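Please treat every number below as a calculation from the coordinates, not as lab data. Quick caveat, the model's predicted, so the values are computed rather than measured. Positions of Cβ are generated from backbone atoms using ideal geometry, with glycine treated the same way; all protein chains shown enter the neighbour counts.
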Amino acid sequence: MATTSAGEVSISVWGGGASPYAVSSRKLGMWLFLMSDSLTFGAVLAAYAYVRVSSEQWPLPFPMWPSITTATIMTFCLLTSSITMVMAVLNAKKGNVRSTLRWLGYTMLGGIAFLVLHANEWRHLIDEGLRPFSNTFGNPPGSTPLFGATFFTATGLHMLHVTIGVIVLANMARGFKKGTYSADMVEISGLYWHFVDLVWMFIFPLIYLMSVPRG
Amino acid sequence: MSANTAHVHAEAGTPVYMKVWSALIALTLLEVFLAYERVRLDLMLIILMGLSLIKSALIVAYFMHLKFERLNLILTVIPMCVLCLCLFAIFFPDSMRLFEFRYPK
């Protein structure tokens, strides 16, 4: 590139020839967004850990049955939706529109199953008295009011991401069918979906598995 | 074909992706087993975070395809992110001595 004239460099750059990453600008943008989003989740989980460490008695409200069993099934749904998303991307690159739509449909189903199970989990906890700034857990009851705040923030933010992911995938399926979205766009939306899966790989052990009642 | 799309990335096949998915499921079940056995909390935290890091590395490398991207992209997004996440640990010594500041003890 250094040997070409200024005019040639300019054209080549806009043509993508000087791209140091060899990915489209959209894909690079998604990667940068995901990195910033990982810091958001990192801050939320760090806040959860900070409050837990600095609390004398932290509630342990997730017994193996039904909470951990349900959360494990939710993890299975997300992991499986990730592999179906991979299949959707592979088929999109091959130009198989029908197969792509079918795999995208399975991915959305996995996401919706996760959301339904998670909402049910929230309903149970709310029925037991868990609120954002108060709860009936601990000894004396309600001695760790920030449990609800950190729990609802971490899991709620993740649920919001899953919900947005399902909407994006539905839009992507519609656009890919009509031909307005390319296989590259399907792959970029897949990056977001896998990231949502990745975040759950930290929320599940930190919030659920570390809060199984003992003794 | 433009220069931007001319780059041909290596691809993993379906069997590789299925192996990664199986490994992720197996690691998740191992995590649940540790919780079922009520392993000591500090030990469990270390093991769970180790397993989560392995799982996230598998997802990023294979499902998010980063293993098959240029080294430039990997070095741009991963080290900076890991460093920033590690910086959160700077708060934890403070959380551990918070007990001592409470009145009455």
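Data table
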| read-out | value |
| --- | --- |
| Lysines with Cα under 16 Å of A:Lys94, excluding same-chain neighbours fewer than 8 positions away | A:Lys177 |
| Share of pairwise Cα separations in chain B, more than 21 Å, in percent | 59 percent |
| Orientation-averaged projected area, Cα convex hull of chain A (nm²) | 15.4 nm² |
| Qualifying chymotrypsin sites (Phe, Trp or Tyr not before Pro) for the stretch A:114-215 [loop in DSSP, other Cβ within 10 Å: at most 16] | A:Phe133 |
